[in-house]
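**Student:** My structure is below; once you've seen it, I'll send some questions.
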Amino acid sequence: MEKMDANVNKYAVIMKKASHDFGGGAGVFDLDLALPAGSILGVIGPSGCGKTTMIRMVNGILGTTSGEVLVLDKDPIRFTANEKTKIGYIPQHFVLYPNLNVQENMHFIGGIFGMNNSERKDKIQSLLEFVDLIDAQKRLARKLSGGMQRRLMLAGALLHTPDLLIADEPTAGIDPILRARIWENFRALRDQGKTLIVTTQYVGEAAYCDKVAVMRKGRLITVDTPQGLQHQAMGGEAVHIEVDSSQIKDAMQFLIGLPQVARVDPVPDKPNSLYVFVENASKAIPMLLSQLKESEGITPTIAEPYLPPFDEVFVRLIQRVEEDLAMERIQ
């Protein structure tokens, strides 16, 4: 985890050993997090791992049973009504009025936040353009597709100009094209200086985030950049090397013996390919090519950095945690 700076105002959210214990082993425990302002945090993990509980602690719906949560430099449980407007929240399920149209729902939300009609009118139009709903503003909310309903909730959550936007699985059940559009909206908000926390079951969406928190059974396994997660999961960086199938055994034995190589794995379903794990893939490739040629007379047909998909990264991280826990039990 990134070391906490003395100037907490640099961070939109800080959690220090924060727990909410529901009893019977349910809840979230010992969460440590320092989220810089103006960035996107993705929270990934299987259903039931505690993602929703964690964000409910951030938005002040749930307090801590131990530890501390600071949001915009204050315990969110103690936010005043005015301070609560600094947070926008998109829950998992559609919560707006199905028998009001898009524009009417937006005006209703604006009224809740005390915005007069003139303030609402200008803001609503620009936000509906932002989420690509300007042509659907007279359509009843119940007539919208699931993706359009999510985008309507996004527009509603932004109407009062919050500094922190929390979205709980906003892309669940949405096709990949619409998911990409929502993430474009999120990145645009980040570029405007907003801070976002987005939970998702789609592990691949971690690539869109600045920081990623991986959860398992109510605990944070790790918080890192997408690139840092890949490095953690793979034990370094990987180089994909392809050689003639008749040379694969000799290449593997030679590479395993190099001091700068952490390990070598065969590529599933590709009998002429290897993954070679090193500290820095780009720097290692020229060395690997040179030594294979000089020592073994092998010239790979492919030698390139390998970036594993985040589904693979997530599985490997979970496996490493399980292995560590197993070793602790043995000791």
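**Student:** Tell me which residues, restricted to segment 193-222, are part of a loop (DSSP other than H, G, I, E, B) and touching an Asp or Glu at 6+ places or on another chain (Cβ under 7 Å).
**Tutor:** Lys194, Gln201
**Student:** Answer with yes or no whether Ile55 is closer than 18 Å to Asp168 by Cα, out of contact with any Gly (no Cβ under 9 Å at 6 or more places or on another chain) and part of a helix (DSSP H, G or I).
**Tutor:** Details: closer than 18 Å to Asp168 by Cα: yes; out of contact with any Gly (no Cβ under 9 Å at 6 or more places or on another chain): yes; part of a helix (DSSP H, G or I): yes.
So Ile55 fits the description; yes.
**Student:** Residue check: is Leu133 within 21 Å of the chain's Cα centre (by Cα), under 21 Å from Gly88 (Cα atoms), among the aliphatic types (A, V, I, L, M) and modelled with pLDDT of 85 or more? Lay out the reasoning, then the answer.
**Tutor:** On the way: within 21 Å of the chain's Cα centre (by Cα): no; under 21 Å from Gly88 (Cα atoms): yes; among the aliphatic types (A, V, I, L, M): yes; modelled with pLDDT of 85 or more: yes.
So Leu133 fails the test.
**Student:** Using beta carbons and a limit of 8 Å, which pairs, at least six apart or on different chains, have the first residue in segment 53-74 and more than 15 Å from Pro162 (Cβ to Cβ) and the second one in a loop (DSSP other than H, G, I, E, B)?
**Tutor:** These pairs meet every condition: Thr53/Leu62; Thr53/Gly218; Arg56/Leu62; Met57/Gly63; Met57/Thr64; Glu68/Asp75; Val69/Asp75.
**Student:** Checking the condition among the small types (Gly, Ala, Ser), surrounded by 15 or more Cβ atoms within 10 Å (Cβ to Cβ) and modelled with pLDDT of 90 or more, which residue from Ala206, Ala213 passes?
**Tutor:** Selected residue: Ala213, the only one of Ala206, Ala213 that is among the small types (Gly, Ala, Ser), surrounded by 15 or more Cβ atoms within 10 Å (Cβ to Cβ) and modelled with pLDDT of 90 or more.
**Student:** Okay, next question. Exactly one condition in (1) open to solvent by less than 40 Å² (accessible area, probe 1.4 Å); (2) of a type outside the set (Phe, Trp, Tyr); (3) free of Cβ contacts under 8 Å to residues at least 40 places away in the same chain; (4) touching an Asp or Glu at 6+ places or on another chain (Cβ under 9 Å) is false for Val261; which is it?
**Tutor:** (4)
**Student:** Of all residues being among the aliphatic types (A, V, I, L, M) and in contact with a strand residue (DSSP E or B) (Cβ under 6 Å, 6 or more places away or on another chain) in segment 117-153, which is farthest from Phe186 (Cα to Cα)? Just the residue, please. Spell out how you get there, then give the answer.
**Tutor:** If we filter segment 117-153 for residues that are among the aliphatic types (A, V, I, L, M), which is where we start, we get 124, 127-128, 131, 133-134, 136, 140-141, 144, 148, 152-153.
Going one step further and asking which of them are in contact with a strand residue (DSSP E or B) (Cβ under 6 Å, 6 or more places away or on another chain), we end up with 140, 153.
Details: Leu140: 25, Met153: 13 Å.
Selected residue: Leu140.
**Student:** What strands (runs of 3 or more DSSP E), lying completely within segment 236-331, carry at least 3 residues that are in contact with a helix residue (DSSP H, G or I) (Cβ under 8 Å, 6 or more places away or on another chain) and of a type in the set (A, V, I, L, M, F, W, C)? Even if it seems obvious, please write down each step before you answer.
**Tutor:** Details: elements: 237-242, 263-267, 270-278, 302-306.
So the answer is 237-242, 270-278.
**Student:** Residues to consider are Pro266, Pro309; find the one that is free of Cβ contacts under 8 Å to residues at least 60 places away in the same chain and under 14 Å from Ala238 (Cα atoms).
**Tutor:** On the way: Pro309 fails: free of Cβ contacts under 8 Å to residues at least 60 places away in the same chain.
Checking each option against the conditions leaves just Pro266.
**Student:** On to the next question. Out of all the residues in segment 161-177, which are open to solvent by 30 Å² or more (accessible area, probe 1.4 Å), over 14 Å from the mean Cα position of the chain (by Cα) and at pLDDT below 90?
**Tutor:** Thr161, Gly173, Asp175, Pro176, Ile177
**Student:** Looking at Ala303, Ala238, which one is within 30 Å of Lys217 (Cβ to Cβ) and among the aliphatic types (A, V, I, L, M)?
**Tutor:** After ruling out the rest, the residue left standing is Ala238.
**Student:** Specify which of the listed residues (Glu279, Glu294) is open to solvent by 50 Å² or more (accessible area, probe 1.4 Å) and in contact (Cβ under 8 Å) with a residue 40 or more places away in the chain.
**Tutor:** Numbers: Glu294 fails: in contact (Cβ under 8 Å) with a residue 40 or more places away in the chain.
None of the others qualify; the one that does is Glu279.
The values are calculated or read from the model by the stated rules, or taken from the named source; none is laboratory data. Since the structure is predicted, the reported quantities are computational estimates derived from the model, not experimental observations. Neighbour counts are summed over all protein chains in view; Cβ atoms, including those assigned to glycine, are modelled from backbone coordinates with ideal geometry. Heavy atoms of the whole protein, side chains included, go into the accessibility calculation; ligands, DNA and RNA do not. Shrake-Rupley method; radii C 1.70, N 1.55, O 1.52, S 1.80 Å.
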